[in-house]
Structure formats: C-alpha cells, structure tokens
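Chemist: Encoded as structure tokens, here's the structure I'll be asking about.
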Amino acid sequence: MTVGEYNELEILRFTAPGAYLGDNEGNEVLLPGKYIVDSWGVGDNIRVFIYKDSEDRIVATTEHPYITLGEFACLKVKEVNSFGAFLDWGLEKDLMVPFKEQNLKMEEGKYYVVTLLYDYATERLYASSKINRYLIPCTDNTLINQKVSVLITETTDLGVKVIVDDKYQGLIFRNDIDRPIRRGEKKEAFIYAIREDGKVDVRFQKEGFEKFDEAAEKILSRLKEAKTIYLSDKSSPEEIREELEMSKKIFKQAIGKLYKARKISIEDQSISLLEE
C-alpha cells in the first residue's frame with residue numbers, strides 16, 4: 001500500500017465510517033462512506049488513491065488528484081500562511097509546499113510547476129517547485145525519435161523548457177514550435193537528440209518522412225468531415241498552426257503528397273477532398 005499513488009485494494013468489511021480496504025501484506029485503510037458505491041461488496045477489488053486527510057490519518061479516496069508521487073504538474077496556490085503555500089491538487093486536503101521547497105516565493109492565485117514527494121520521517125506528502133533537483137540526465141539513446149509526454153514549464157530565448165516523461169529536462173526550440181502552447185500543458189512529442197549533459201531536444205513532429213505521412217493522414221481525416229479546409233500554401237504559418245497544429249512547411253509537404261495521390265484539389269484559398 002503506497003501513499004501518494006493509486007492502489008488496487010480489496011474490500012474487507014463495511015462499517016459505519018465506511019469500508020476498510022486491504023492489500024496482500026495485511027495493511028488496512030479506510031475509504032470514507034461518501035465514496036462507496038452501492039453495488040460494491042466484500043471481496044471486490046477497487047482502485048483508490050492513498051493520502052493523509054486533514055486529521056493526519058492515512059485514508060483512501062476514489063477522487064483523482066492532479067498529480068501522483070514522482071509526477072510533475074502545474075498547480076494553483078489557494079493559500080499562503082506561516083507554514084508554507086497550499087496548492088489545489090483536486091483533493092479535499094490541500095497540498096503543502098514548505099518554504100524551503102519553493103524555488104520562488106509563492107503567491108496566492110498563481111500557478112507553479114511542482115513535483116509530488118513523500119517525507120519518510122513524517123510520513124507526509126508535500127510538493128516542491130525546485131523541480132530541477134528531481135530531474136535526471138537522460139542516457140537512453142533508444143528514446144531518440146520515440147513518442148514521449150512533455151509538460152510545458154517556461155519560455156526562454158531559445159524556446160520552451162519542458163519536462164519529459166516526468167524524468168528529464170528538455171527543450172523545444174522556438175523554430176520547432178508549430179502550435180499554440182501554454183505553461184502547464186501536457187502534450188505528446190518526440191525526442192530527436194540527447195545532449196552530453198543528459199538534457200534532451202524535443203519536437204512535436206516526428207523526424208523523417210513519417211511526420212509528413214502523419215500530417216497527410218490528419219488533413220485527410222479533417223477533409224472527410226468538412227470536405228473543404230480554407231487553407232492553402234498561401235495561408236500564413238499562424239493560420240495553419242491554429243487550424244491544424246502543424247508548421248507551414250509540413251502542411252505544404254503533406255498537401256503536395258495528397259495532391260499527387262489525387263486525393264485532394266488545391267485552390268488559391270482552400271483545399272478540398274476529391275470524390276473517389
């Protein structure tokens with residue numbers, strides 16, 4: 001039974017306060033009655049999140065937090081007091097960020113990228129905005145050109161910093177940003193280079209011809225729904241990015257491929273699906 005994570009547990013018995021759940025090692029935890037579903041019975045296995053409630057008791061919940069142990073997320077500060085900052089993470093009890101774990105002094109109402117940690121001494125969950133100390137260098141070259149999950153963290157002169165797969169520090173160069181993005185968003189991307197220091201370079205589009213094939217399939221799918229898309233090779237990069245989330249270069253390559261395959265017609269201000 002792990003605090004800060006989802007656990008698959010068995011219903012052992014029902015009592016007035018709720019249901020007691022257990023694992024294979026004899027540990028038990030209370031799931032308060034408000035989370036119980038009428039159709040459940042003793043012996044059923046259910047998926048719950050384990051954390052400490054406002055009375056410092058380890059409890060289970062069927063609610064879904066915005067972050068789990070070891071993950072990173074962009075969360076809003078609900079309150080700042082003499083103990084630290086308290087974040088909204090989707091559960092009844094707010095998540096504390098001690099002052100010593102704040103990269104910058106946190107302010108109420110603002111959003112910060114944090115990671116969820118567990119203090120074994122106090123047996124409590126807490127968050128930290130000193131995220132760089134919890135990222136590791138990437139040494140796995142097999143990840144190059146593989147799909148990954150990225151969390152947008154901040155904008156720099158070079159581009160946008162991201163956290164890759166909740167492990168690595170990455171960068172999307174400004175020239176490779178082909179869609180609207182904002183801090184705190186999670187998106188799919190591809191690693192295309194791993195530097196000597198273990199940081200990774202990331203793009204939203206896959207390297208090689210596959211990215212043009214994927215773009216062509218996306219355009220074709222949209223045309224099957226709408227018949228006509230009011231974009232052409234004369235459209236601005238911003239218009240193409242907003243409508244299709246791809247660069248103008250990839251768009252032109254993709255529609256060229258579809259045109260040669262006689263699947264679309266290209267007009268001055270639009271492209272249309274050809275009837276088969």
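The values are calculated or read from the model by the stated rules, or taken from the named source; none is laboratory data. As the structure is a computational prediction, the values presented were derived from the model and not from experiment. Using ideal geometry, Cβ is built from the backbone for each residue, glycine included, and neighbour counts are taken over all protein chains shown. Protein only, heavy atoms only, side chains kept; ligands, DNA and RNA dropped before computing areas. Shrake-Rupley method; radii C 1.70, N 1.55, O 1.52, S 1.80 Å.
Chemist: May I ask you to say which residue of VAL114, VAL42, VAL48, VAL77 is among the β-branched types (Val, Ile, Thr), free of Cβ contacts under 8 Å to residues at least 40 places away in the same chain and either surrounded by 15 or more Cβ atoms within 10 Å (Cβ to Cβ) or assigned to a strand (DSSP E or B) (or both)?
Modeler: VAL77
Chemist: Here is a further query. Just the residues that are in contact (Cβ under 8 Å) with a residue 24 or more places away in the chain, in a loop (DSSP other than H, G, I, E, B) and among the aliphatic types (A, V, I, L, M), please, taken from the stretch 240-276.
Modeler: Answer for the stretch 240-276, where residues must be in contact (Cβ under 8 Å) with a residue 24 or more places away in the chain, in a loop (DSSP other than H, G, I, E, B) and among the aliphatic types (A, V, I, L, M): just MET246.
Chemist: Right, something else. Working carefully through the options TYR20, TYR66, find the one that is of a type in the set (Phe, Trp, Tyr), open to solvent by 70 Å² or more (accessible area, probe 1.4 Å) and either under 30 Å from GLN169 (Cβ atoms) or in a strand (DSSP E or B) (or both).
Modeler: It is TYR66.
Chemist: Does the stretch 132-178 hold any residues that are within 22 Å of CYS74 (Cα to Cα) and assigned to a helix (DSSP H, G or I), and which are they?
Modeler: Selection gives ASN132, ARG133, TYR134, ARG174.
Chemist: Here is a follow-up. Considering each residue of the stretch 1-17, count those that are of a type outside the set (Asp, Glu), surrounded by 14 or more Cβ atoms within 10 Å (Cβ to Cβ) and not in a strand (DSSP E or B), and give that number.
Modeler: Residues in the stretch 1-17 being of a type outside the set (Asp, Glu), surrounded by 14 or more Cβ atoms within 10 Å (Cβ to Cβ) and not in a strand (DSSP E or B): 3 in total.
Chemist: Which numbered condition in (1) over 16 Å from the mean Cα position of the chain (by Cα); (2) free of Cβ contacts under 8 Å to residues at least 24 places away in the same chain is the only one that ASP176 fails?
Modeler: (2)
Chemist: Would you mind finding the one in GLU214, GLU275 that is modelled with pLDDT under 90 and loosely packed, with under 14 Cβ neighbours inside 10 Å?
Modeler: Selected residue: GLU275, the only one of GLU214, GLU275 that is modelled with pLDDT under 90 and loosely packed, with under 14 Cβ neighbours inside 10 Å.
Chemist: For the stretch 223-239, does any single residue satisfy the condition of being open to solvent by less than 40 Å² (accessible area, probe 1.4 Å), of a type in the set (A, V, I, L, M, F, W, C) and in a helix (DSSP H, G or I)?
Modeler: yes
Chemist: Among the listed residues ASN175, ASN145, identify the single one that is touching an Asp or Glu at 6+ places or on another chain (Cβ under 6 Å), under 30 Å from ILE240 (Cβ atoms) and either of a type in the set (Phe, Trp, Tyr) or at pLDDT below 95 (or both).
Modeler: Residue meeting the stated conditions: ASN145.
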